[in-house]
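*Asks:* The following block contains the structure, expressed as structure tokens.
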Amino acid sequence: MAFCERLSEQLAIVAVVNPVAATGTAIVTAPVFSMALHRRALFILQTGAVFTDATVLIQEGPVIGMTGSATILTGAATAITAINSQYLFEVSGEAMAAGNAWLRASLVVTATEVMSMIVIADVERYHPGTDNDLATVVLAGVAN
């Protein structure tokens, strides 16, 4: 079995922010996803060559809409300032507050930013791993 096949049996992409060039004051938000069936989630933020600074907010909440009741897990502000860099944020399902099953990441833009994000979670424990996998991966030129 190829490495990618084994990896896809253990991990699923549960949220994405496709590469985006944001300017001015904006909030770029990843889709909300449920941690009810996952143990851990890894948020991978990638900044581009054009990047001023942004703030990352990873929030947990009790409802899918994540409106006013969401709690910020990353503290008051997690500043992202380096160009051509990757930032990793990990959330453990057991560390989330009771009753909060939903997670979301928001990127608060202050100037001009080029960035993308993927969120990877371990495969759902009681469902096929492909149930909520958002992967749009294209494999090319792989030798097994």
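The values are calculated or read from the model by the stated rules, or taken from the named source; none is laboratory data. This one's a predicted model, so the numbers in the text were calculated from it and none came from an experiment. Reconstructed Cβ throughout: ideal geometry from the backbone, glycine too, with neighbour counts over all protein chains shown.
*Asks:* Can you pull out the residues in the range 87-124 that are among the hydroxyl-bearing types (S, T, Y) and in a strand (DSSP E or B)?
*Replies:* Y87, S92, S106, S116, listed by residue number.
*Asks:* Select from the range 14-53 the residues that are closer than 20 Å to L73 by Cβ and among the β-branched types (V, I, T) and list them in ascending order.
*Replies:* V14, V16, V17, I27, V28, T29, V32, I44
*Asks:* Given the criteria at pLDDT below 85, surrounded by 16 or more Cβ atoms within 10 Å (Cβ to Cβ) and closer than 18 Å to A12 by Cβ, does E124 qualify?
*Replies:* Against the criterion (at pLDDT below 85, surrounded by 16 or more Cβ atoms within 10 Å (Cβ to Cβ) and closer than 18 Å to A12 by Cβ), E124 qualifies.
*Asks:* Looking at L103, L134, which one is surrounded by fewer than 17 Cβ atoms within 10 Å (Cβ to Cβ) and either at pLDDT below 85 or under 13 Å from the mean Cα position of the chain (by Cα) (or both)?
*Replies:* L134
*Asks:* Separate question: Among the residues of the range 49-81, how many are modelled with pLDDT of 80 or more and crowded, with 16+ Cβ neighbours inside 10 Å?
*Replies:* Residues in the range 49-81 being modelled with pLDDT of 80 or more and crowded, with 16+ Cβ neighbours inside 10 Å: 9 in total.
*Asks:* Quick check on my filter: what residues within the range 30-68 are aliphatic (A, V, I, L, M) and outside any strand (DSSP E or B)?
*Replies:* The answer is A30, V32, M35, A36, L37, V63, I64, M66.
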